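S.K.: Here's a structure for you.
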Ligand SMILES: [Zn+2]
């Protein structure tokens, strides 16, 4: 599909307008069972095998709230500095859609479990930007439709659709920000940093893996522009289901440029949902949405209100893990790295691997060096996340120990890592199989040194004549014949010894 959309340059858009954003993030909880029934939430099973009368919406079926779902929602609320409702209810959000067999979604409306919080996010230059949170509420996911027979997989042109209700009823937490104002040209960066930080918080809480590539976390980006100096918000567009950090940033940027073009030409922004396109970073019109959209919300009569005891809430608060930003600052100081290097480590997704490698006995500099060097490069080349590489932190720690003891030099250590990643076994096995050991044994080295001297008589004469610096060439020759496995310092000593010169 080619859609030509007029854009103005980003700089021109920002010179005339202030962007205001609202971010709505859906997080799929990692509970074992669904939000209102005991069906399994395991992904990848045969269609409609994980369903029951409740999540199929059959008449007369009664839902029961998943306690872990509520607990996870409270933890998220607390981590986002929210107030936790003393009493709240679920509500029916009525609409018809084939993947919603009850004809309503069980959600929360005017009584969310958590509200009025904030999340501080750190921008690339180290500045802290506070994003205020309007609410976090509990709801359930829908089933999944697959449109078959058309060229595009969209409903248009399809001959029929398949419905899988395995996902129907999986617990979701929707986290909604208050309008984000004052970010100016950094609005797209703030959006990305917010979603990134939120993802870290969710992961730290252990309530979801929050994998955006697996749809466990997705973001709707609401954006509007208003001329500088005006209080009133402009009309917003809502770009739905953006599923990577980079895309969140690109979607916000594109919408700023598109809105500015429409406004500059005297047009009006249509309040609508929009689709984001990964290929070129553009958005296209979805469905028109006006404020009067009426879901006829009403309190869910089949579920009792949720009234979390204060003691329970305080217990959960006391049990919160160290928050990611606090932890990052602590590690940065412990490791003695600057903001920029810490950011690179974060971007590479290597923090946890480095921490685990240090816990397995490596010093922090070596742990960082290998994870940010060989391993990050391999992850990049093979398109894998760094923590999905087939090498454990304990194995990396073992490599650093072999380097520290002089059994390996850096060059050999790289080959060991390469072998482990290639599935040749653990570090010791690879060392054994490939015969990768630093040779420092004088007997073996002596022969190689003699050979190098015999083959380079002119250089040897120079060294005898006092040009000690020329020894480097002979060391190089020995390293070559020993395929890099010689102990270079010892080789140099032997050369000088044999040629009768003082080092
Ligand atoms: Zn069920």
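The values are calculated or read from the model by the stated rules, or taken from the named source; none is laboratory data. Just so you know, these numbers come straight off a predicted model, no measurement behind them. So basically every Cβ, Gly included, is an ideal-geometry build from the backbone, and we count neighbours across all protein chains shown.
S.K.: Given 235, 239, which one is touching a residue at least 12 places away in the same chain (Cβ under 8 Å) and in a loop (DSSP other than H, G, I, E, B)?
M.R.: 235
S.K.: If we keep just the residues of segment 289-310 that are within 27 Å of residue 224 (Cβ to Cβ) and surrounded by 14 or more Cβ atoms within 10 Å (Cβ to Cβ), which is modelled with the highest pLDDT?
M.R.: It comes out as 297.
S.K.: Of the residues that sit in segment 161-186 and are in contact with a helix residue (DSSP H, G or I) (Cβ under 6 Å, 6 or more places away or on another chain) and away from the ligand (no atom under 16 Å from the Cβ), which one is nearest to residue 70 (Cα to Cα)?
M.R.: Checked segment 161-186; the qualifying residue nearest to residue 70 (Cα to Cα) is 173.
S.K.: Let me ask something else. Among the candidates 267, 286, single out the residue that is in a loop (DSSP other than H, G, I, E, B) and surrounded by fewer than 19 Cβ atoms within 10 Å (Cβ to Cβ).
M.R.: Just one listed residue meets the conditions, 267.
S.K.: Further question: What number goes with the only condition from (1) under 24 Å from residue 415 (Cα atoms); (2) in contact (Cβ under 8 Å) with a residue 24 or more places away in the chain; (3) surrounded by fewer than 18 Cβ atoms within 10 Å (Cβ to Cβ) that residue 501 does not pass?
M.R.: (1)
S.K.: In this structure, does residue 114 turn out to be surrounded by 14 or more Cβ atoms within 10 Å (Cβ to Cβ), at pLDDT 95 or above and within 16 Å of the ligand (Cβ to nearest atom)?
M.R.: No: the conditions fail for residue 114.
S.K.: Then there is this: Quick one: which of 462, 433 is assigned to a helix (DSSP H, G or I) and loosely packed, with under 14 Cβ neighbours inside 10 Å?
M.R.: 433
S.K.: Right, here's the next one. Among the residues that make up segment 448-455, is at least one of them under 29 Å from residue 413 (Cα atoms) and either surrounded by fewer than 16 Cβ atoms within 10 Å (Cβ to Cβ) or in the same structural domain as residue 416 (by TED's automatic domain parsing) (or both)?
M.R.: Looking for residues that are under 29 Å from residue 413 (Cα atoms) and either surrounded by fewer than 16 Cβ atoms within 10 Å (Cβ to Cβ) or in the same structural domain as residue 416 (by TED's automatic domain parsing) (or both), one finds at least one in segment 448-455, hence yes.
S.K.: For residue 34, which of the numbered conditions (1) over 29 Å from the mean Cα position of the chain (by Cα); (2) closer than 30 Å to residue 198 by Cα fails to hold?
M.R.: (1)
Here is a yes/no grid of residues against (1) part of a helix (DSSP H, G or I); (2) in contact with a helix residue (DSSP H, G or I) (Cβ under 6 Å, 6 or more places away or on another chain); (3) without any contact (Cβ under 8 Å) to a residue 40 or more places away in the chain:
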| site | (1), (2), (3) |
| --- | --- |
| 325 | yes, no, no |
| 337 | no, no, yes |
| 344 | yes, no, yes |
| 366 | yes, yes, yes |
| 372 | yes, no, yes |
| 377 | yes, no, yes |
| 398 | yes, yes, yes |
| 413 | yes, yes, no |
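S.K.: Scanning segment 58-76 for residues that are free of Cβ contacts under 8 Å to residues at least 60 places away in the same chain and loosely packed, with under 13 Cβ neighbours inside 10 Å, which turns out nearest to the ligand (Cβ to nearest atom)?
M.R.: That would be 58.
S.K.: Among the candidates 160, 147, which residue alone is surrounded by 13 or more Cβ atoms within 10 Å (Cβ to Cβ), assigned by TED's automatic domain parsing to the domain that holds residue 44 and free of Cβ contacts under 8 Å to residues at least 24 places away in the same chain?
M.R.: 147
S.K.: From the set of residues in segment 44-57 that are without any contact (Cβ under 8 Å) to a residue 24 or more places away in the chain and at negative phi, which is farthest from the ligand (Cβ to nearest atom)?
M.R.: Residue satisfying both the conditions and the ranking: 46.
S.K.: Kindly indicate which of 191, 158 is in contact with a helix residue (DSSP H, G or I) (Cβ under 8 Å, 6 or more places away or on another chain) and either more than 16 Å from the ligand (Cβ to nearest atom) or outside any strand (DSSP E or B) (or both).
M.R.: 191
S.K.: Can I ask one more? Please go through segment 24-43 and pick out each residue that is in contact with a helix residue (DSSP H, G or I) (Cβ under 9 Å, 6 or more places away or on another chain), within 11 Å of the ligand (Cβ to nearest atom) and part of a strand (DSSP E or B).
M.R.: 33
S.K.: Quick one: would you say residue 473 is more than 29 Å from residue 365 (Cβ to Cβ), assigned to a helix (DSSP H, G or I) and touching a residue at least 24 places away in the same chain (Cβ under 8 Å)?
M.R.: It is false that residue 473 is more than 29 Å from residue 365 (Cβ to Cβ), assigned to a helix (DSSP H, G or I) and touching a residue at least 24 places away in the same chain (Cβ under 8 Å).
S.K.: Check off (1) in contact with a strand residue (DSSP E or B) (Cβ under 8 Å, 6 or more places away or on another chain); (2) in the same structural domain as residue 123 (by TED's automatic domain parsing) for residue 294 and give me the number that stays unchecked.
M.R.: (1)
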